[in-house]
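Encoded as structure tokens, the structure appears first; notes follow it.
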Amino acid sequence: MMISRRAGNILLFIGTVLVVSSVLRLSLRKSPLDPSSLYHQWTDSDPPDNDEPETWDWETTTRFSPARSSNDSSIDDAGFCDSFPSYLLPQIQVVLKIGASESPERLDAQLSTVTRCITNLLIVSDRESQLHGHRVHDILAALPQSFRANTTEFDAYDTLQRGDGSSINSEQGWRLDRFKFLPMVERAHEINPTAQWFVFLESDTYFVWDNVFRLLDQFDPTVPLYFGSPSPGHGIDGGGRSWFAYGGAGFILSRAAVERLVERRVGAHGEYIEPPLSQRYEATVKADCCGDSVLGWALYEKGVILSGLWPMFNPHPLHGIPFEDAYWCQPVISLHKSLLSDMRGLIEWEHQREDRTHPVVYADLFEYLQLGTFERKPEWDNGDWGGFQEPGDSTAHTSFEACRTSCHAHSECLSYTYDHSGHCVFVRTMRLGANKPFSAEVQLSAGWDTEKIQHWRARHQCGKAEWMKPSLTRIF
């Protein structure tokens, strides 16, 4: 039967629409507007485009005002905090997590330096108390009795409540610590629900606040964001694993991320039909070693993926930074395991900077440490991280001077440590290291090839700061 011309045209039009829509579906399947592409949160199975730069070259500005006079550079001066941008604090809730069994000297050092100017500081712990005029919140007190079942960690908690913190060893305190992470997020949100950002640190964390504020100025807190130094976490279905921010280096959550984490489903009458955050993960936290891992997993299950910002969030202490390309022109957000003397020295040095036009980058810390200006230190170790050795029969192992000569002759050796029992360790990076007093068992001395170091420094001049884009393949 013949089809009319009009009917044929209609069929042709319908066919054309079907073909075009099929093509569009195919082409949109890899849409460039996929939100995951906006944050560069790739995995090993989904590597970044090699042509995509790893950094942003933002022009950032400081939120600090100039210090009034040179006298204000001392941490003991009454006006030390006058230049601190306190007006930001209602929007940025800083949370310090401590333990009641920690050294009082360590807590005093943190509160008199890094968090000295944080007027709304929230301190969370495993025992209620007062420190430097701040209330210390016992955030474990509100956990239900079920948390004590099938675990002995709360025996240490009971001991702390009796005021006997000296009998708690570091391992007991560490094992109890993992129960604090989820409750501290809940408490921070309860106390300051309108904060745009939540910044978490520990007693030995050092934050460069100028750089923290510069970083947060570049992001939208209404987007669920989770910043920190990536560590591998729980496995996920289909292979691979989640990632969490290493707690010691500090981490930051946006308001949207916290709200998504603490939200609870409600029933038809407005009643909660889901337990609070901490109770939902009771079994998980009991089975895990680490609270930062549990927090990362809880965020992952809520669809909040870590934005890994290593090396800006840095697990190294100041004296352990392995200065090289990876630690040079990048802004410094945090340091971990900071020495008490370093906390005071660094914050006063920051305050004395006459020009805050640029953020503090690792090259600035290199100059602060005066690396390349001294050649040797007895009773010192700079080879405890990233070292390598010559073969056992090398003359480098025969004496300190032989170790020094061999390092100077080796193109990759920038510093070295000699163990007087007969071991020479070369180091490819420029590290200060730390004092290691001689003992009957260990006697170490360290040295630096100052000529190589000065040449390296001259060849590596920083232009703009290299603000790292989030990555889960670039890890510590």
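Any residue that is in a helix (DSSP H, G or I), under 20 Å from Phe200 (Cα atoms), at pLDDT 95 or above and among the polar types (S, T, N, Q) - is there at least one of those in the range 285-294? Taking every residue of the range 285-294 in turn, at least one turns out to be in a helix (DSSP H, G or I), under 20 Å from Phe200 (Cα atoms), at pLDDT 95 or above and among the polar types (S, T, N, Q). Comparison of Ala458, Ala440 shows that the only residue that is part of a loop (DSSP other than H, G, I, E, B), of a type in the set (A, V, I, L, M, F, W, C) and not assigned by TED's automatic domain parsing to the domain that holds Gly228 is Ala440.
For first residues located in the range 188-202 and farther than 20 Å from Gly248 by Cβ and among the polar types (S, T, N, Q), partners that are at pLDDT 95 or above and part of a helix (DSSP H, G or I) and lie 6+ apart or on another chain with Cβ distances below 7 Å form the pairs Gln196/Arg255. Looking across Ser278, Ser338, Ser334, one residue alone is in contact with a strand residue (DSSP E or B) (Cβ under 6 Å, 6 or more places away or on another chain), modelled with pLDDT of 95 or more, buried (at least 18 other Cβ atoms within 10 Å of the Cβ) and under 30 Å from Pro104 (Cβ atoms). It is Ser334. Could you list, in sequence order, the residues of the range 405-422 that are farther than 14 Å from Trp380 by Cα and outside any loop (DSSP other than H, G, I, E, B)? Matches in the range 405-422: Thr405, Ser406, Cys407, His408, Ala409. Taken across the range 147-162, residues that are part of a strand (DSSP E or B) and of a type in the set (Gly, Ala, Ser) do not occur at all.
Does Ala396 satisfy being touching a helix residue (DSSP H, G or I) at 6+ places or on another chain (Cβ under 6 Å) and closer than 22 Å to Ser338 by Cβ? No: the conditions fail for Ala396. Scanning the range 401-443 for residues that are closer than 16 Å to Arg457 by Cα and of a type in the set (S, T, N, Q) yields Ser411, Ser415, Thr429.
Pairs linking a residue in the range 127-153 that is closer than 19 Å to Thr115 by Cβ and modelled with pLDDT under 95 to a residue that is surrounded by 12 or more Cβ atoms within 10 Å (Cβ to Cβ) and of a type outside the set (Phe, Trp, Tyr), with Cβ atoms under 8 Å and 6 or more positions apart or on different chains, are His132/Asp108; His132/Leu111; His132/Ser112. Residues in the range 290-349 that are over 23 Å from Ser254 (Cβ atoms) and of a type in the set (Ser, Thr, Tyr): Tyr327, Ser338, Ser341.
Of the helices (runs of 4 or more DSSP H) that lie entirely inside the range 167-219, those containing 2 or more residues that are closer than 28 Å to Val360 by Cβ and of a type in the set (A, V, I, L, M, F, W, C) span 181-191, 209-216.
A Cβ distance below 7 Å, combined with a sequence gap of six or more or placement on separate chains, defines the contacts here; from the range 371-396, residues that are closer than 20 Å to Ser411 by Cβ and buried (at least 18 other Cβ atoms within 10 Å of the Cβ) reach residues that are modelled with pLDDT under 95 and among the charged types (D, E, K, R) in the pairs Ala396/Glu390.
Could you tell me whether Pro378 is touching a strand residue (DSSP E or B) at 6+ places or on another chain (Cβ under 9 Å) and farther than 30 Å from Cys117 by Cα? So Pro378 fits the description; yes. Of all residues in the range 62-109, those satisfying the criterion of being surrounded by 14 or more Cβ atoms within 10 Å (Cβ to Cβ), modelled with pLDDT of 90 or more and either part of a loop (DSSP other than H, G, I, E, B) or not assigned by TED's automatic domain parsing to the domain that holds Val258 (or both) are Thr62, Arg63, Phe64, Phe84, Pro85, Leu89, Gln91, Ile98, Gly99, Ala100, Ser101, Glu102. Within the range 282-304, the set of residues being surrounded by fewer than 20 Cβ atoms within 10 Å (Cβ to Cβ), touching a residue at least 12 places away in the same chain (Cβ under 8 Å) and within 16 Å of Phe244 (Cβ to Cβ) comprises Thr284, Asp288, Cys289, Cys290, Tyr300, Lys302, Gly303. If you go through the range 236-269 and keep only what is at pLDDT below 95 and either of a type in the set (Gly, Ala, Ser) or not in a strand (DSSP E or B) (or both), you end up with Ile236, Asp237, Gly238, Gly239, Gly240. Whether any residue in the range 170-183 is among the acidic types (Asp, Glu), under 21 Å from the mean Cα position of the chain (by Cα) and assigned by TED's automatic domain parsing to the domain that holds Glu263 is what I want to check. The answer is yes, given that some residue of the range 170-183 is among the acidic types (Asp, Glu), under 21 Å from the mean Cα position of the chain (by Cα) and assigned by TED's automatic domain parsing to the domain that holds Glu263.
Tallying residues that are in contact with a Phe, Trp or Tyr (Cβ under 6 Å, 6 or more places away or on another chain) and of a type in the set (S, T, N, Q) within the range 255-297 yields 1. All but one of (1) out of contact with any helix residue (DSSP H, G or I) (no Cβ under 8 Å at 6 or more places or on another chain); (2) part of a loop (DSSP other than H, G, I, E, B); (3) not assigned by TED's automatic domain parsing to the domain that holds Ser406 hold for Ile347; which doesn't? For Ile347, the failing item is (2).
The values are calculated or read from the model by the stated rules, or taken from the named source; none is laboratory data. This is a predicted model, so every value here is computed, not measured. Glycine also receives a Cβ, built like all others from the backbone with ideal geometry; neighbour counts cover every protein chain displayed.
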